[in-house]
Amino acid sequence: MAKVEWSTGIDSVSGALSKPGKNGQHSCTKMLLATHRVAETTNNHCNRIYLRKQTKRSTPVRENEAIARELFTQRRAWVQSRAASLQHLAQDQEDFLAQKDLAGGAKTMKAYYWKLAKAQVTRESLNG
């Protein structure tokens, strides 16, 4: 197993160090992924680096996947517009605080907006 020694000032590296580009944007063909594990162990070498080859989808996008993508796009747009709307801000904050500590309540404002978006933008609203 290889051992990585970091330069001075670099304690650890974690995440995608390089990603393959879409549509030939970059020449990188493999993803280089590094992980750093923070845990109490007897081994202090807890860095790992993985190479992942670029893959191509072998099946076409199914209808339910296309619908899920469209739902996500519509809900994301709804959340962004609602979060930027000053006319709804005060009421949304009050409603968020009222439901926050209830069972099944959203714990963050963003999660609350996504919960509202799910109720607003449904599969039926896409069809009709």
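Here 106, 77 are screened, and the one residue that is surrounded by 13 or more Cβ atoms within 10 Å (Cβ to Cβ) and under 19 Å from the mean Cα position of the chain (by Cα) is 106.
When the stretch 86-100 is filtered for residues that are surrounded by fewer than 12 Cβ atoms within 10 Å (Cβ to Cβ) and either of a type outside the set (S, T, N, Q) or in contact with a Leu (Cβ under 9 Å, 6 or more places away or on another chain) (or both), the ones remaining, listed by number, are 86, 90, 94, 98.
Mind checking which residues of the stretch 75-106 are within 22 Å of residue 121 (Cβ to Cβ) and either in contact with a Ser or Thr (Cβ under 8 Å, 6 or more places away or on another chain) or in a loop (DSSP other than H, G, I, E, B) (or both)? Correct list: 85, 104, 105, 106.
The residues of the stretch 42-85 that are in contact with a His (Cβ under 9 Å, 6 or more places away or on another chain) and over 29 Å from residue 32 (Cβ atoms) amount to a single one, 82. Selection of first residues in the stretch 99-128 that are without any contact (Cβ under 8 Å) to a residue 40 or more places away in the chain and of second residues that are in a helix (DSSP H, G or I) and among the β-branched types (Val, Ile, Thr), restricted to Cβ pairs under 7 Å at least 6 apart or on distinct chains, gives the following pairs, ordered by first then second residue: 113/79; 114/79.
Each value in this text was obtained by applying a stated rule to the coordinates, not by laboratory testing. Every value quoted in this text rests on a predicted model; they were computed, and no experiment measured them. Neighbour counts are summed over all protein chains in view; Cβ atoms, including those assigned to glycine, are modelled from backbone coordinates with ideal geometry.
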